[in-house]
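First comes the structure, then the notes that go with it.
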Amino acid sequence: MHSFACIRALGLATLKGGLRDRLIQSLLLAGLFFLLSTLVFSSFSMRQPLEVAINYSLATVQILAILVTLFLGLNLLSREIETRAGYLLMGQPISRTVYLLGKFYGLCLLNFLIVAFFGLCAALSLPLVKIGLTNAPSIAWGNFFVAQLGILGISLLLGAVTLLFTALATSAVLPFLMTVGVWFIGQSTEAVKNYLEAGLTAQPMPPALKWLVTVAYYLFPNLSLFDFKVYAIYGLTIPPLLAGYALIYGLVYMVILLLLAATLFQKRDMT
Amino acid sequence: MTSAIKTSKLSKQYKKGVRQQQVSALLDLDLEIRRGEVFGFIGSNGAGKSTTIKILMGLIQATNGQAWLFERPVTDPAARLHVGYLSEHPHFHDFLTPLELLHLLGTMRQMERKTIARKSEELLGLVSLSEAANRKIRGFSKGMVQRLGIAAALLGDPDLLILDEPMSGLDPLGRHLVATIIRDLQRQGKTIFFSTHIIHDIETLCDRVGILVQGHQKYVGSIQEALYPAGNLFEITVRMPEQWAPAQTILGSLRLLWHKESLYNFELTEAEISSATQAVIAAGGGIVTLEPKRRSLEELFLDLSGKFGEKGQSDLTSPAS
Amino acid sequence: MKRLLLGFGATGMLAWLIASYASLGGRAVAPLRFPSYPPVWALQAMSLGNKELASTLIFYNAQFYFGEKYAWRRETPEYQRLFVALDKATDLDPRNMDCYYFAQGLFSDIKPAIPVLNRLLQKGMRYRPNDWYLPFFLSANYYFQLKDPVTAAHYLQRAAALTPNSSLFASLSARMLYQGNQTDAAISYLEAFIKETNNPGVRQMLFKRLEALVAIQYLERAVAAFAKEHGHPPQSLTELIRFGIIKKIPADPYGGTFELDATGRVVTTSKLVEAWKNHDKRNQNQQAQ
């Protein structure tokens, strides 16, 4: 019981830190500006302004959520270890795991708030785009919601990755850069793997490279699994198996990351 | 009587640099600090004071040996439940206000919400931060941060207070505050363990001291025994009538350290005190002072270090020097 | 941080102002080139999980480039590169209708481009099975360019089955299959296309094409009138003026001239084909280097 209270208190403090962080505040402002520009952006489309508007607003929410996760991870996790502000908390009668979970809980809270807020903003902007359009398709709100959940999944996975790297590295910038790397790789492994397996390359693949790609595919989080944007944009039916697989994959991957992070963090010397 | 802090063969080795060279920060430390004691931990920078404290606070893991707080191994977070800790350079979550921070810490110490509120108010008053209770820590001066650290350490009404260099970052006012708080807590029967390199603090506050030199414990014991060891010499200053000469009395056999007009200063052993004082009175003189010839802690420390002028010893200072 | 952002913003504004001033400056402007994009897998990686947005951005870039190049600078656009870009954009998001629509507008008049254009549209049909535009476009391409009325009719039927408003198709298919007058059918098709287009650059281009078609229709009718009167077709278009059937030959909006070919049909020396071929050659040269 006590651990839960600690995790909750730590999470709320982290949330406060996130909302009071200038960088994150300016990111949120930029996001709001981008969402407002949906109307202008979609107006350049010839045949599918509504689809472009959904596309644009979902992409904005996704980039925003990921950037917030990255910078939150940098400012509130890694930097907290670097500046030793976290030592005070670790010197309290709580285990390191509780500390780590509290931080992650704060990350989840902030990400949830951000995705919910911007998802709502996007949802409000879409009917505006629809005004004056003839023959516009109806918006698949259910898919839109699932796409938002997917975005939340991606940012939380990246948050757990930051946590793991923070537990590993001593400097604050390193986990940030490594998480950016995981983001880059994680969202493209599937595409690269499919491309290579389709055999479209001019020369046959060196087996070493093929092996490397396969390893990367299974080692790094497959972030494209959580990309449900296309279903929201074109109102396609989401295969329930795919959604279920993404959910289970995300949960399992996150638990593994957190366990690893907790194990490493336990052994870490806070010098 | 149970101990507040106990360590047994506590050692810590770091791997440093690219070649992973082993550096010993602490070697076989055996300490036992009783409840209700004020214990000073002395050593120059890098002697292993902070390492010891961080092991006690669970921030780093000992390579060898064990440590207990109130009979509980330090690897158990619950061992720190009744421990307050102030680090050498406290850093806080600067986006929080002092009240929010204390609330967070109180929750971790399993305190009731009401108790936290009452205690926070009281402690922020004690460290004169009441006015800043709702301001973000980001804008605080160094002294304010240090004082907030003291409040944070005292929040759980701890039975044991572990302070890492509590005086080093403070202005005279802050030092006075810390000294007052330590004396108050001592009166309440709390245990205080603090590291310092400022000699003055030790002499006025501590019951016992431990001296660390390069990771080795060189001395543990009462501060009196350290400064006034057995077989210690005394100095006596006497005022004698005119035309008096030491050679006429027993005082003639003593070593005369200095003589100024009618004042004479001799060095003598404890056994010689009574005959010497009698002789002075018989000669119609008066005793001005009689005091033990004291070793300064600096001298003691240098003795223990064994090497004069070694790097790092200039860190050990008293306010007088 | 705020200052930094402000600084960035101000610099960006300044750059934008300078850029727009430079583009107004007329002759001093730098040549406008369309970029060649990296391979699709690289684009997908660079899109950071937003391949649909990347597809839209490529389309926007193509659209803006075409508008400035064609309507503003009155230069020949780099058709090959445009096509490759649209092909990549539709690999990123094969449902991006903007790309198919734009490609049909740009390339349906360039005969050598028809095979690749049709392949592009067929890709679109696989991913947008309920979109009547794609079979409609394919039908037009098969009919006007590949002279294959049977396949054209097949696609037109598929298009008609997908739209509730099939009056357009009724008149079009009637013209294609029964009357056999290509120019009339082409004008109907183009008018339908223009009605659905709001991009000014593309509209301008389509109007030009319509203008040429109307001129051809005018000349074809004159040729038919001549044949009816004289029992044989005219030797050349100037004969039409000499016999007082028309007052003058209308100007070719593409800058060429209208002529009668060996079979007695009115043709124009379109420069579009050359533009496509030239780029083809240049691309090959670049690759050889």
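Read-outs throughout are calculated quantities, based only on the coordinates presented, and are distinct from any laboratory measurement. Keep in mind that this is a model prediction, so the values were computed, not measured. Heads up, the Cβs are rebuilt from the backbone with ideal geometry, glycines too, and the neighbour counts pull from every protein chain shown.
Let me know the shape class of chain A, please: from the alpha-carbon gyration tensor, a ≥ b ≥ c as square roots of the eigenvalues, rounded when a/c is under 1.5, otherwise prolate if a/b is greater than b/c, or oblate. Oblate, since a/c reaches 1.5 and b/c is not below a/b. Per residue of B:84-94, other chain Cβ atoms within 10 Å of the residue Cβ number 4 on average.
Only one residue of B:Ile273, C:Gly255, A:Ala13 has its Cα farthest out toward the positive end of the dipole of the protein assembly as shown, where Lys and Arg carry +1 and Asp and Glu -1 on Cβ, and that residue is C:Gly255.
Mean partner shielding of peptide C:192-205, defined as the number of other chain Cβ atoms within 10 Å of each residue Cβ, is 1.
Helical runs (DSSP H, four residues minimum) scored at -39500 (n - 2.57) apiece and divided by the length of chain A put the mean residue ellipticity at 222 nm at -25000 deg cm²/dmol. Over chain B, dividing the summed -39,500 (n - 2.57) contributions of all DSSP H runs of at least 4 residues by the number of residues returns a 222 nm mean residue ellipticity of -8500 deg cm²/dmol. Measuring between their Cα centroids, region B:163-223 and region A:1-40 lie 42 Å from each other. The listed peptides A:3-11, A:240-248, B:13-21, ordered by packing as a protection proxy, come out as A:3-11, A:240-248, B:13-21 (highest mean of other Cβ atoms within 10 Å first). Once the Cα atoms are used to define both axes, helix B:98-108 deviates from the longest principal axis of chain B by about 80 degrees. Here chain A is treated with +1 on each Lys and Arg Cβ and -1 on each Asp and Glu Cβ, and its dipole about the Cα centre works out to around 420 debye. To two decimal places, what compactness ratio does region A:166-271 give when its Cα radius of gyration is scaled by 2.2 N^0.38 Å? Relative to the 2.2 N^0.38 Å estimate, region A:166-271 comes out at 1.34. The residues C:Met46, A:Met90, when put in order of fewest to most other Cβ atoms within 10 Å, stand as C:Met46, A:Met90. In a reduced charge model with +1 at each Lys and Arg Cβ and -1 at each Asp and Glu Cβ, the protein assembly as shown shows a dipole moment near 2340 debye about its Cα centre. Taken over the alpha carbons of chain B as equal point scatterers, the Debye sum produces base-10 log I(q)/I(0) values at 0.16 Å⁻¹ of -1.28. In order along region C:223-239, the Karplus-derived 3J(HN,Hα) couplings, from 6.51 cos²θ - 1.76 cosθ + 1.60 at θ = phi - 60°, round to 4, 5, 4, 4, 5, 5, 6, 9, x, 8, x, x, 6, 8, 5, 5, 4 Hz, and Gly and Pro are given as x. Under the membrane-span-like helix rule (DSSP H runs whose alpha carbons stretch at least 24 Å along the helix axis, mean Kyte-Doolittle hydropathy 1.0 or higher), chain A yields A:49-72, A:96-130, A:141-168, A:240-267. Counted by neighbouring Cβ atoms within 10 Å, the residues C:Asp261, B:Asp28, C:Asp109 run from fewest to most as C:Asp261, B:Asp28, C:Asp109.
The distance between label points at B:Thr204 and C:Arg221 comes to 11.3 nm (points 7 Å beyond Cα on the Cα→Cβ vector). Modelled label positions at C:Gln157 and B:Glu242, each set 7 Å beyond Cα in the direction of Cβ, lie 14.8 nm from each other.
Model label sites at B:Tyr219 and B:Glu112, defined 7 Å from Cα along the beta-carbon direction, differ in position by 4.8 nm. Bridgeable aspartates and glutamates around A:Lys16 (alpha carbons under 19 Å apart, same-chain partners fewer than 8 residues away excluded): A:Glu80, B:Asp94, B:Glu100. According to the calculation over all Cα-Cα pairs in region A:112-155, the P(r) per 10 Å bin from zero is 26, 49, 22, 4 %. Inter-chain neighbour count for C:95-101: the average number of beta-carbon atoms from partner chains within 10 Å of each residue's beta-carbon is 5. Listing C:Thr90, A:Thr166, B:Thr277, C:Thr257 from fewest to most neighbouring C-beta atoms within 10 Å gives C:Thr257, B:Thr277, C:Thr90, A:Thr166.
When peptides B:265-273, C:121-129 are ranked by their average number of other Cβ atoms within 10 Å per residue, the highest-first order is C:121-129, B:265-273. Summarised as an ellipsoid, the protein assembly as shown has semi-axes of 90, 26, 23 Å, derived from the eigenvalues of the Cα gyration tensor scaled by 5 and square-rooted, with the largest first.
Starting from the Cα gyration tensor of region C:36-127, take the square roots of the eigenvalues, sort them a ≥ b ≥ c, and report rounded, prolate or oblate (rounded when a/c is under 1.5, otherwise prolate if a/b is larger than b/c, else oblate).
Because a/c hits 1.5 or more and a/b fails to exceed b/c, region C:36-127 counts as oblate.
Summarising the strand pairing of the protein assembly as shown, around 70 percent of its internal DSSP beta bridges are antiparallel. For C:Lys228, the lysines whose Cα falls under 23 Å of its own Cα, not counting residues fewer than eight places away in the same chain, are C:Lys247, C:Lys248.
For the cross-link pairs B:Lys16/B:Lys190; A:Lys103/B:Lys15; B:Lys15/B:Lys136; A:Lys210/C:Lys123; A:Lys210/A:Lys267, which exceed 32 Å when the distance is taken from alpha carbon to alpha carbon? Beyond 32 Å: B:Lys16/B:Lys190; B:Lys15/B:Lys136; A:Lys210/A:Lys267.
Using a cut-off of 15 Å between beta-carbons, work out the net charge of the residues near B:Asp28 (Lys and Arg +1, Asp and Glu -1, B:Asp28 not included). It works out to a net charge of +2.
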